[in-house]
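A.B. asks: Below are the structure tokens for one structure; questions will follow.
The values are calculated or read from the model by the stated rules, or taken from the named source; none is laboratory data. Keep in mind that this is a model prediction, so the values were computed, not measured. Note that we place each Cβ from the backbone using ideal geometry, even for glycine, and neighbour counts take in every protein chain shown. Calculation scope for accessible area: heavy atoms of the full protein, side chains included, ligands and nucleic acids excluded. Shrake-Rupley method; radii C 1.70, N 1.55, O 1.52, S 1.80 Å.
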Amino acid sequence: MKAYLLMLKTQSMMALQYRAQALAGVFTQFAFGFMRVFVMIAFYAGSAAVQPMSLEQVVTYIWMTQMLLTLMAWRPDPEVLAMIREGSIAYEMVRPVRISTAWLMRSLARRGVMPMMRGIPILIVAMLLPAPYKLVLPLSVRTAILSVIVLLLAWILAGMLNNTLNILTIYLMSADGIAKLFPIVMMFFSGLILPIPLFPDGLQVFFSYTPFAGLMDTPARVLMGHLSGGDALFSMAVQVFWIIFVLLLNDRLLESKLKNVVVQGG
């Protein structure tokens, strides 16, 4: 366990070195966030129908998802991809650690550091914006406790899914297809393109049971108080289910492949 914690710490310190990248990402995420807010303000101004979320809630939802954007893994870890392509994965196989857990620590480090470096500035600035562009969060002890738990679960789930991409690359030998397909699926089912509560009821139920809702929709709605009580606990239970399922799936996929892996030239 000590070795894995050391890997997590080392990879986190490495990720902290990319401060210029994080600063550029903050500006980019603000630009896209404002575009999404403007679209929603125009939509609410042009519709007389009663919506399931108020404009203030939708704007807050958008800023929350922009804050959590880097939780999502768009493509496999480039260093793991290089290991697979160059054959240095053989060195990983002789180390006295479980490869799946070691790669998970790498994924958790990346999915933990970047959301903090980008998300905290977005959270602070968005709260200082004038209405109707500002992020509004409820202030209560219960919401704060639930928010900490749901964010931890989202972080672990994001690391697990990122690790799934790494492991699938061993099977496919190329990350091109995954890098094009996976972001589209995640953006649609996580609520990044359109808040899930604005979809028809049947689709909302379906989306809420996918693992991607636990990355953005569930954390955003718990933090803004749109999900509370039993609904919040149920959504967190779905997150826990997917964490356990993906963990077992990753172990099974990696174990099965490593039994027959061939390293070119050796």
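A.B. asks: Quick one: dipole size for the chain, taken about the Cα centre, charges +1 on Lys/Arg Cβ and -1 on Asp/Glu Cβ, in debye to the nearest 20.
C.D. replies: Charge dipole of the chain: 560 debye, to the nearest 20.
A.B. asks: Tell me, how many Å apart are the Cα centres for segment 23-81 and for segment 218-259?
C.D. replies: Between the Cα centres of segment 23-81 and segment 218-259 lies a distance of 22 Å.
A.B. asks: So, for the chain, what is the accessible surface per residue at a probe of 1.4 Å, expressed in square angstrom?
C.D. replies: 52 Å²
A.B. asks: Under a crude label model (7 Å from the Cα following the beta-carbon direction), how far is Asp251 from Glu92 in nanometres?
C.D. replies: 1.8 nm
A.B. asks: Can you give me the relative contact order of the chain as a percent, contacts being Cα pairs under 8 Å and 6 or more apart?
C.D. replies: Averaging sequence separation for qualifying contacts and normalising by length gives 27 percent for the chain.
A.B. asks: Binning every alpha carbon pair distance of segment 1-118 at 5 Å from zero, what are the percents per bin?
C.D. replies: Per 5 Å bin, starting at 0, the Cα pair percentages come out as 2, 10, 15, 16, 13, 11, 9, 8, 6, 4, 3, 1, 0.
A.B. asks: Okay, moving on. Test of understanding: in a Gaussian network model of the chain with alpha carbons linked when under 10 Å, which of Ala82, Ala144, Ala126 would top the mean-square fluctuation ranking?
C.D. replies: In this elastic network of the chain, the residue with the biggest mean-square fluctuation among Ala82, Ala144, Ala126 is Ala82.
A.B. asks: State the percentage of accessible surface on the chain attributable to carbon and sulfur atoms; use a 1.4 Å probe and exclude ligands, DNA and RNA.
C.D. replies: Carbon-and-sulfur percentage of accessible area, whole number: 71.
A.B. asks: Continuing with this model, one more query. Quick one: if the Förster radius is 25 Å, what FRET efficiency do Ile184 and Lys2 give, using the C-beta to C-beta distance and rounding to 0.05?
C.D. replies: That gives a FRET efficiency of 0.05.
A.B. asks: Would you please classify the overall shape of segment 116-156 from the alpha carbon gyration tensor, given that a ≥ b ≥ c denote the square roots of the eigenvalues, rounded means a/c under 1.5, and beyond that prolate means a/b larger than b/c while oblate covers the rest?
C.D. replies: oblate
A.B. asks: Rounded if a/c is under 1.5, else prolate if a/b is larger than b/c, else oblate: which is segment 3-48, with a ≥ b ≥ c the root eigenvalues of its Cα gyration tensor?
C.D. replies: oblate
A.B. asks: Based on Cβ point charges of +1 for Lys and Arg and -1 for Asp and Glu, what charge dipole magnitude is obtained for segment 1-138 about its Cα centre, in debye rounded to the nearest 20?
C.D. replies: Charge dipole of segment 1-138: 340 debye, to the nearest 20.
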